[in-house]
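**Student:** So that we are looking at the same thing, I have put the structure below in structure tokens.
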Amino acid sequence: MNFRDILTEKIKNAFVEAGYDDKNAYVSLSGRPDLCQYQCNACLPLAKIYKQKPMDIAAKIADVLSNDDAFESVVACPPGFLNIIVKDEFLTSFINKMAADDQFLFDKIQNPVKTIVDYGGANVAKSLHVGHLRSAIIGESIKRLLRFEGHEVLGDVHLGDWGLQMGIVILGIIEQFGIENLQTDEDRTKNITISVLEKTYPQKSAEAKQNEDVMAECKRITFELQKGEGIYFDIWQKVLAVSVEDLKKNYARLGVEFDLWKGESDTRNVVRGMIDALKEKGFAHEDDGALVIDITNEQDNPPLPPFILEKSDGAILYSTTDLATILQRCEEFDTQRMIYVVDNRQGTHFKQLFRTVAKTGIAGKELDLEFSGFGTMNGKDGKPYKTREGGVMRLEDLINALETEAYKKLEDTIGNDVSDEEKKEIAHQVGVGALKFADLSNHRSKDYNFDVERFCSFEGKTGPYVQYTAVRIASILAKCESLSAKIDLPEGDVQRDLFILLTEYQTAVKGAAFELAPNILVDYIYQLAVALNKYYHEYKVATETDIDKKNSRTNTLKLSFELMKTLLDIVGIEIPKRM
Ligand code: ARG
């Protein structure tokens, strides 16, 4: 039950009762909070249809609602707005119901959709870099948002584990240890370690870029590997295992969890059949030795390039495994919706992929495929984020930088009675919280600038500000016991505004989920933090001597804190024990 929906329902009924169409009648938050809390603008467009003055229509609606016990006042205002103020009793009764419900009266979705969120997208044997960071942060929160709504959601990391980078790493490993020292599982376990992998890929890949023969050998190995057996495959399996173990650690550090650790390679047993079927049905044809599907439509300007299934050397590509993955997900999980949280620069690839699915009908059913692209994280200078040496910034180093900054800030706020170990743990929560908050507070499709100091500031629209607010409330609550669950009528505007804001959370959650835009929720969380700061500055809680007042204020903070915690969890931000 959403408070604003209840108000809209009442307004709609009034329109019908007064003899008007109620299609556009809905209640929005007031644009003039100095005059009213809510407004309805539906009388203006109706005036034309019914050939009446908007003010006359508004007056009739106001009249119908004059006896409704939800409203303190509904006033017709020139040129035909309805300005609405709700009764404190009605608002407070809703707040009490919200506080009594562990789901805050959230309306779970009626028809859950089986959804896979494809995010993370780490590449095996390469270290995670900032490009993967956004996918992890945004994807995790989209997954949690949809789950909160009640959908059946699985997160899949969709590892890059079957492309050319594998041939490069395998060649590098063979050259270091000699193929004779990689024959047994024991040998491979001894030689293939994470530190070996971290060095091997950058070295060999630089070499392959310079030297055509080396590149040709890497491609040959990749092709052999894709047959799914032999020594290259054995080496690959070890590389995969070592890499995944390391990736799991890194993602865990970010608080990101995947249900499925699948990758491109998991399609290896279905790719052939898929290609044959596409050939047989006449969708795939040869073009310059490659096997392609034409997918462009007349309306496409410029035309959409063909979808490539197989290169002229017979190797399959990123596109091939992505197409096969869709089939597999349908088969294995009966998936209805797939959301890809990937860099905007891959937009064309996904357009091609989705078009191929639609054109060939290969999934055998209607599928909802969505590309949820994101922009680039830049340095303070507005250029893609780099290390001092100009290389790609590793995720680990980036998190370290945030933790160090957070630790510095905490030295000013946290007392000496806290152990260094605990301080480090809190610095981690604050550093990661700062990063996630900053990343998610812009619309995902926008680029943004990475700025450690600004992100970690305890003031302004930042993660630490929100976390700090929550920590303060928790410490007040720790000192207060509530005698009954009751929340009394608002004591003044600050509390009334807080109540209204509390009822708005559902609109924020639903809006963010609908648009796959966690920034909508982050904005709400920030507003809530600001309102709560005002609230606990305005009203004493722990030191209040009137026990009824104290009780009601405590319960107000309790509801606010629980809601804040729940919403922060959706965006993956933890509340530290102290700050
Ligand atoms: N591994 C890819 C990359 O690093 C991202 C994978 C995204 N998911 C997908 N199904 N293509 O760019």
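Every read-out reported here was derived from the displayed coordinates using simple, explicitly stated rules and does not represent laboratory data. This structure is a prediction, so every number in the text was calculated from the model and none was measured. Quick reminder, even Gly has a Cβ in these numbers, built from the backbone with ideal geometry, and neighbours come from all protein chains shown.
**Student:** Amide H neighbours of D343 under 5 Å, at least 5 residues apart or on other chains, H built in the peptide plane: list them.
**Tutor:** F374
**Student:** Could you tell me which residue out of G375, L146, Y526 lies farthest along the dipole of the chain toward its positive end? Charges go on the beta carbon: Lys and Arg +1, Asp and Glu -1, centred on the Cα centre.
**Tutor:** Farthest towards the positive end: Y526.
**Student:** Taking the number of other C-beta atoms within 10 Å as the exposure measure, put Y535, Y232 in order starting with the fewest.
**Tutor:** Details: Y535 20, Y232 25.
Taking fewest neighbouring Cβ atoms as first place, the list is Y535, Y232.
**Student:** Still on this model: Compute the distance from the alpha-carbon center of the range 48-124 to that of the range 304-337, in whole Å.
**Tutor:** 44 Å
**Student:** Express the relative contact order of the chain as a whole percentage, based on alpha carbon pairs under 8 Å and six or more residues apart in sequence. Mind dumping the intermediate values first?
**Tutor:** On the way: 893 pairs, mean separation 79.7, N = 579.
The normalised contact order for the chain reaches 14 percent.
**Student:** Oh, and also: Size of the dipole of the range 36-99 about the Cα centre, Lys and Arg at +1 and Asp and Glu at -1 on the beta carbon, nothing else charged, in debye to 20?
**Tutor:** On the way: 6 positive and 7 negative charges, 83 e Å.
Computed about the Cα centre, the dipole is about 400 debye.
**Student:** For labels at I547 and Q346 in the simple 7 Å Cα→Cβ model, what's the distance in nm?
**Tutor:** Modelled inter-label distance: 6.1 nm.
**Student:** Moving on. If I fit a long axis through the Cα atoms of helix 547-570 and take the longest principal axis of the Cα atoms of the chain, what angle between them do I get, 0 to 90°, rounded to 10?
**Tutor:** 20 degrees
**Student:** Translational diffusion coefficient of the chain at 4 °C, 1.567 mPa s, Stokes-Einstein with Kirkwood Rh over Cα pairs, in µm²/s as a whole number. All intermediate terms of the calculation are to be shown ahead of the outcome.
**Tutor:** On the way: Rh = 27.3 Å.
Value of D from the Cα-based Kirkwood radius: 47 µm²/s.
**Student:** Hey, what angle do you get for helix 3-17 against the long axis of the chain, alpha-carbon based, 0 to 90 degrees rounded to 10?
**Tutor:** Tilt relative to the chain: about 60 degrees.
**Student:** Please work out the C-alpha center-to-center distance from the range 427-451 to the range 520-574 and express it in whole Å.
**Tutor:** The distance from the Cα centre of the range 427-451 to that of the range 520-574 comes to 23 Å.
**Student:** Using a 10 Å cut-off around each Cβ, can you sort R553, R388 from fewest to most neighbouring Cβ atoms?
**Tutor:** Working: R553 26, R388 6.
Ordered by Cβ neighbours within 10 Å, fewest first: R388, R553.
**Student:** Restricting to the range 51-157, what percent of DSSP beta bridges are antiparallel, rounded to 5?
**Tutor:** Details: 6 of 11 bridges.
Counting only bridges with both partners in the range 51-157, antiparallel ones make up about 55 percent.
**Student:** Taking neighbour counts of Cβ atoms within 10 Å as a proxy for exposure, in what order, fewest first, do D368, D69 appear?
**Tutor:** Values: D368 12, D69 8.
Ranking D368, D69 by Cβ neighbours within 10 Å, fewest first, gives D69, D368.
**Student:** Here's a follow-up. Mind ranking 178-185, 570-577, 338-345 by how tightly packed they are, going by the mean number of other C-beta atoms within 10 angstrom, highest first? Write down the numbers at each step before the final one.
**Tutor:** Details: 178-185: 12.8, 570-577: 21.6, 338-345: 20.1.
Top of the packing list down: 570-577, 338-345, 178-185.
**Student:** Testing the spin-label approximation: label points 7 Å from Cα along Cα→Cβ at D56 and N301. State their distance in nm.
**Tutor:** Computed distance between label sites D56 and N301 equals 4.7 nm.
**Student:** On a 0 to 90° scale, report how tilted helix 420-441 is relative to the longest principal axis of the chain, with both axes built from alpha carbons and the result rounded to the nearest 10.
**Tutor:** The helix 420-441 is inclined about 80 degrees to the chain.
**Student:** Could you give the nm distance between label points at R220 and T184, where each point is 7 Å from its Cα heading toward the beta carbon?
**Tutor:** Taking the two extended label points, one gets 2.9 nm.
**Student:** May I ask you to derive the relative contact order of the range 56-108, considering only C-alpha pairs under 8 Å and at least 6 residues apart, and to give it as an integer percent?
**Tutor:** Across the range 56-108, relative contact order equals 26 percent.
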